[in-house]
Amino acid sequence: MDLPFVPTRIVFFTGKGGVGKTSLACATAVALADSGRRVLLVSTDPASNLDEVLGVALSNTPAAIPAAPGLFGLNINPEAAARAYRERIVGPLRGEMPATVVASIEEQLSGACTTEIAAFDEFTRLLGDLTITASFDHVIFDTAPTGHTLRLLKLPAAWEGFLATNTSGTSCLGPLSGLQAQRSLYQASLAALADGATTTVALVSRPDPAALAEAERTRGELAAIGISNQRLFVNGVFTATNRQDTVALALERRGAEALAEMPGALAHLPRHDVALRAWAPLGIERLRVLFAAGGPSDFTASGNDGSDVPAASLGLLIDAFASAGRGVIMTMGKGGVGKTTVAAAIAVELGRRGYPVHLTTTDPAAHLIAALGHSAAGLQVTRIDPAVETGAYAAEVMATSGAGLDERGRELLAEDLRSPCTEEIAVFRAFARVVGEAARGFVVIDTAPTGHTLLLLDAAQAYHREVERTHNDVPEDVRQFLPRLRDPDFTKIVLVTLPEATPVHEAAALQSDLRRAGIEPFAWVINQSFAATATADAALVARGAQERAYIDEVRTSLARQTVVVAWQPARPTGADALLALARGPGQGTAPAVAAEPVPAGV
């Protein structure tokens, strides 16, 4: 078995977006299956790419992976889980209760809270009900990026506590009878997560300060809820093969510095380094050798001067943004593609041009301050903090809807607001409020990874109903949220990707979803391209050669306009580095106000 560790029965792979969780989870599952074990590989990511990595179309029931006997895969599909959950709750009531009562319950179950709890129920069944997975020796979870996963792992305790103290018999999900039946599952899930002999959490990182800081935060938060069997995987460790190549030496140096400076508690975990590959880990055969030592035999491409993939400046897009004088600019895409860096660079350059700019994030694992390097002169920089927003929202509801209630009524309302679903409502309202600020200046939003962002956007109309249930009026910013996002003069969506298969195809799927919602992306940014550098290192030349097909795909068939940003030898943190990224190498200071918008391109 070609594995660097001995897995427990349950293994979670988690970490910052884009660090390679899916690749390592799949490689682990394949290695276990090759050793004769029966393995169930589960994705809890709303934007799962298990299908592409394994080369098999998956659903919410286990499917055999033909090229790896003994391996089965499934995706927890939030929408399918929500439909099944609603039917489990409402089905038995039809014909037994008045139609108006059934309709009221169906309305309560139409919100995003139901989608979350339904997906969570699927997760707890796999984790806590041994009869569901009794035929498997191992269950491997490929999770969503960290912020979403931490919420998932904390929900067993959150819902168990809510059910233990609720006396009203109802919640934002309707009758509690539908949840009480799951309470034993939540308790079993908590027990499984805390049992180190049963569950291992693999913290996946890159040799990068932000990814390692995220891993350390995750380590601490999981340890605080009793999950202590953790180990660190550092993916993409690079050693230059050409000792005269400045790009390769910079990549090697940046990785070594990040590992040398990793937080102390994280450094004490068992650690496994995985070499950077020239090829994408797609398909069973490549997954089988992912943990093997890398070497020059990986690389076959010849030299490259980068001339056929010229790098461009983000300033081309910023000129178009500036011509409007105000508006929302949202960076979206798969985790780890550089959304935060691109958002920060846009904000810093707009601020330098004299515009009022509010830079914020909806990502549960925010990294704006790390990108800015604590230098944010002239910018308003915030984070939509779930705890703060939930407290403020609950206080507002108690002061308005609860004002005219008697003591018992206020107790029941306060109890309802302690539901974990309240956080989702509060965060959405804060998001809508921030979008509304763009009527007076620029609001640049670094969004959460794709799946989490889609759930937030798709939930807009459902949240209207939920807010109306607990609040007398729908705030104007909530009412105007979707119209503002659909207005191309008000909102500019920038899809950020890497020149690789999974990030490009995930961004393409996101673009399709946005278009179905009436939202047209403004531009694509292809970030961190080695093909756009002048590297001569064999590994990086080979990676650049593989990038070209995806760059061409974006340019010719996906994007209205495209900017290719070269990989930066200097880490793009701090105001000076972000301004250089925004303006591009060798460019002078841009004018205070751009005169011409960007042409439509392809």
* Residue ID - nearest to L249 (Cα to Cα), chosen from residues in the range 527-552 that are open to solvent by 20 Å² or more (accessible area, probe 1.4 Å) and within 23 Å of the chain's Cα centre (by Cα) -> Q528
* Asked: Among the residues of the range 228-237, is any under 20 Å from E261 (Cβ atoms) and either without any contact (Cβ under 8 Å) to a residue 24 or more places away in the chain or more than 22 Å from the chain's Cα centre (by Cα) (or both)?
  -> yes
* Asked: Before we move on, is T199 touching a residue at least 24 places away in the same chain (Cβ under 8 Å), on the phi < 0 side of the Ramachandran plot, of a type in the set (V, I, T) and touching a strand residue (DSSP E or B) at 6+ places or on another chain (Cβ under 9 Å)?
  -> yes
* Residue list for the range 108-143, restricted to those being outside any helix (DSSP H, G or I), modelled with pLDDT under 80 and of a type in the set (D, E, K, R) -> D129
* To do: Residue by residue through the range 499-510, note down the ones that are open to solvent by less than 30 Å² (accessible area, probe 1.4 Å) and either modelled with pLDDT of 95 or more or in contact with a helix residue (DSSP H, G or I) (Cβ under 7 Å, 6 or more places away or on another chain) (or both).
  => P499, A501, T502, V504, E506, A508, L510
* Asked: Taking only pairs six or more apart or across chains, which ones have beta-carbon atoms under 9 Å, a first residue in the range 556-582 that is under 18 Å from V494 (Cα atoms) and open to solvent by 30 Å² or more (accessible area, probe 1.4 Å), and a second residue that is modelled with pLDDT of 90 or more and in a loop (DSSP other than H, G, I, E, B)?
  -> R560/E520; R560/P521; R560/F522
* Tell me which residues, restricted to the range 293-328, are touching a Leu at 6+ places or on another chain (Cβ under 8 Å) and either modelled with pLDDT of 90 or more or open to solvent by less than 20 Å² (accessible area, probe 1.4 Å) (or both). => L314, I318, F321, A322, V328
* To do: Output the residue which, of all residues in the range 391-436 that are of a type in the set (A, V, I, L, M, F, W, C) and in a loop (DSSP other than H, G, I, E, B), is surrounded by the most Cβ atoms within 10 Å (Cβ to Cβ).
  => L405
* Give the range 487-513 a look and list any residue that's of a type in the set (A, V, I, L, M, F, W, C) and in contact (Cβ under 8 Å) with a residue 60 or more places away in the chain, or say none. => F490, I493, V494, L495, V496, L498, A501, A507, A509, L510
* **Count of residues meeting criterion [at pLDDT below 90 and among the polar types (S, T, N, Q)] in the range 341-369** => 2
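The values are calculated or read from the model by the stated rules, or taken from the named source; none is laboratory data. Keep in mind it's a predicted model, so treat the numbers as computed, not measured. Virtual Cβ from ideal backbone geometry, glycine too; neighbours counted across all protein chains shown. SASA here: full protein model, heavy atoms, side chains in, ligands and nucleic acids out. Shrake-Rupley method; radii C 1.70, N 1.55, O 1.52, S 1.80 Å.
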